[in-house]
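One structure below.
The values are calculated or read from the model by the stated rules, or taken from the named source; none is laboratory data. Please read all numbers here as calculations on a predicted model, not as lab measurements. Neighbour counts run over all protein chains shown; Cβ positions are idealised from the backbone, glycine included. Protein only, heavy atoms only, side chains kept; ligands, DNA and RNA dropped before computing areas. Shrake-Rupley method; radii C 1.70, N 1.55, O 1.52, S 1.80 Å.
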Amino acid sequence: MIKVIDIDKLFDEYIKDFVYKNIGKVKVEEIENQIPMLYEKFGSEKLKELDGKSPNEYYENYGIKDLLICLKNHLETRVEVSDFLCETINSKAENEGDLVNALDNEDNEEFMLYVMNMLIDLDSKKCLNKFLELITWDYSESIKELATEHLKENADSVKEQILAQFRECDDTVKEYLTEILSGCKKDDKVFDILIEQFAKNQDKIPIYAGYLAKYGDERALTFLMAQIERQDISYADFEELRFAIEALGGQYDKVRDFKKDKTFKKIMNAEEKKPVQH
């Protein structure tokens, strides 16, 4: 078993020793500027706390399973997770499959977020189906948002899976899936869902108008124009719709009166309070 060691604390001691040895020689701001260089140098220092190994060497001879157990032990004992541990795990592309498997039947969400970020750093494709499962299962918003961010960048790879299950999902999950679909290439099935969700979620117009703008299909202009013409539209929704319309190559020039809108009044009051530039 790998010992749980607070390597960040050892680095703090290393910095203190450097400061002590350089009193009167180096200014405080100069030390701050040297932190990255000192951290790199620290990585090669042999330390008795690490059994005579350097931070760069300490984890390198362990397998991925031991390294992941060590990561979890750090989190469970509330000891700071070292960059050296994370970099060792992430340094080998062959660890990708084990990282994906580490998410199976896991309930420690802090551990899961570390593993997910490592997979994202590897630009993993093996994790796409697993990330999609995490969105549709009962995990926290943090897990689902991180999974969505990666899946958006690989939207076409999971498009068919999303289309196959979209109708069966609840509205909360549909919002994540709609965001992912907005990153797909043109597809009538995808377009239909984006329009359907835009029309259905009148209380979230800025979000769904943004998805249409990102998707980039000019056919959405008809629906955006119809929405922006509503007489009861808020100023905030109006601005988001106008942005989406312009993003798709359209234009909306009609002058609208928002003097009674709370958001509009706050913006105007803030503008009036700005100092005049001479």
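Being among the aliphatic types (A, V, I, L, M), touching a residue at least 12 places away in the same chain (Cβ under 8 Å), part of a helix (DSSP H, G or I) and out of contact with any Cys (no Cβ under 9 Å at 6 or more places or on another chain) is the requirement here; does MET118 meet it? Criteria not met by MET118.
Results for (1) of a type in the set (Ser, Thr, Tyr); (2) out of contact with any Gly (no Cβ under 9 Å at 6 or more places or on another chain); (3) more than 17 Å from PHE191 (Cβ to Cβ), shown as yes or no for each residue.
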{"position": "TYR208", "(1), (2), (3)": "yes, yes, no"}
{"position": "ALA213", "(1), (2), (3)": "no, yes, no"}
{"position": "ARG219", "(1), (2), (3)": "no, yes, no"}
{"position": "PHE238", "(1), (2), (3)": "no, yes, yes"}
{"position": "GLN251", "(1), (2), (3)": "no, yes, yes"}
{"position": "ASP261", "(1), (2), (3)": "no, yes, yes"}
{"position": "LYS265", "(1), (2), (3)": "no, yes, yes"}
{"position": "ALA270", "(1), (2), (3)": "no, yes, yes"}
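Just to be sure before I move on: is LEU103 among the hydrophobic types (A, V, I, L, M, F, W, C), open to solvent by less than 30 Å² (accessible area, probe 1.4 Å) and under 24 Å from PHE42 (Cα atoms) in the structure I sent? Considered against the rule, which asks whether it is among the hydrophobic types (A, V, I, L, M, F, W, C), open to solvent by less than 30 Å² (accessible area, probe 1.4 Å) and under 24 Å from PHE42 (Cα atoms), LEU103 comes out as no. Restricting the first residue to the range 28-47 and requiring it to be loosely packed, with under 14 Cβ neighbours inside 10 Å, which pairs with a second residue that is of a type in the set (Lys, Arg) and at pLDDT 90 or above meet a Cβ separation below 8 Å and a spacing of at least six or different chains? Pairs that qualify, where the first residue is loosely packed, with under 14 Cβ neighbours inside 10 Å and the partner is of a type in the set (Lys, Arg) and at pLDDT 90 or above, are LYS46/LYS53.
I need the full set of residues from the range 202-226 which are at pLDDT 95 or above, in a helix (DSSP H, G or I) and open to solvent by less than 30 Å² (accessible area, probe 1.4 Å), in order please. TYR208, ALA209, TYR211, LEU212, ALA213, TYR215, ALA220, LEU224 - these are the residues of the range 202-226 that are at pLDDT 95 or above, in a helix (DSSP H, G or I) and open to solvent by less than 30 Å² (accessible area, probe 1.4 Å). Would you check if there is a residue in the range 190-201 being polar (S, T, N, Q), within 30 Å of GLY63 (Cα to Cα) and either assigned to a helix (DSSP H, G or I) or open to solvent by 30 Å² or more (accessible area, probe 1.4 Å) (or both)? No, the range 190-201 contains no residue that is polar (S, T, N, Q), within 30 Å of GLY63 (Cα to Cα) and either assigned to a helix (DSSP H, G or I) or open to solvent by 30 Å² or more (accessible area, probe 1.4 Å) (or both). Scan the range 144-166 and tell me whether some residue there is part of a loop (DSSP other than H, G, I, E, B), open to solvent by 30 Å² or more (accessible area, probe 1.4 Å) and within 20 Å of PHE191 (Cα to Cα). Yes, the conditions are met somewhere in the range 144-166. Among the criteria (1) within 30 Å of LEU181 (Cβ to Cβ); (2) open to solvent by less than 80 Å² (accessible area, probe 1.4 Å); (3) assigned to a helix (DSSP H, G or I); (4) in contact (Cβ under 8 Å) with a residue 12 or more places away in the chain, the one GLU133 does not fulfil is (4). The residues listed here are ILE15, ILE23, ILE2; of these, the one that is surrounded by fewer than 19 Cβ atoms within 10 Å (Cβ to Cβ), in a loop (DSSP other than H, G, I, E, B) and in contact with a Phe, Trp or Tyr (Cβ under 9 Å, 6 or more places away or on another chain) is ILE2.
For the range 234-278, filtering for residues that are assigned to a loop (DSSP other than H, G, I, E, B) and modelled with pLDDT under 90 leaves 14. When each of GLU94, GLU110 is tested for being open to solvent by 60 Å² or more (accessible area, probe 1.4 Å), outside any loop (DSSP other than H, G, I, E, B), at negative phi and touching a helix residue (DSSP H, G or I) at 6+ places or on another chain (Cβ under 6 Å), the lone residue that passes is GLU110.
ASP8 meets all of the listed conditions (1) acidic (Asp, Glu); (2) part of a helix (DSSP H, G or I); (3) out of contact with any Asp or Glu (no Cβ under 7 Å at 6 or more places or on another chain) but one, namely (3).
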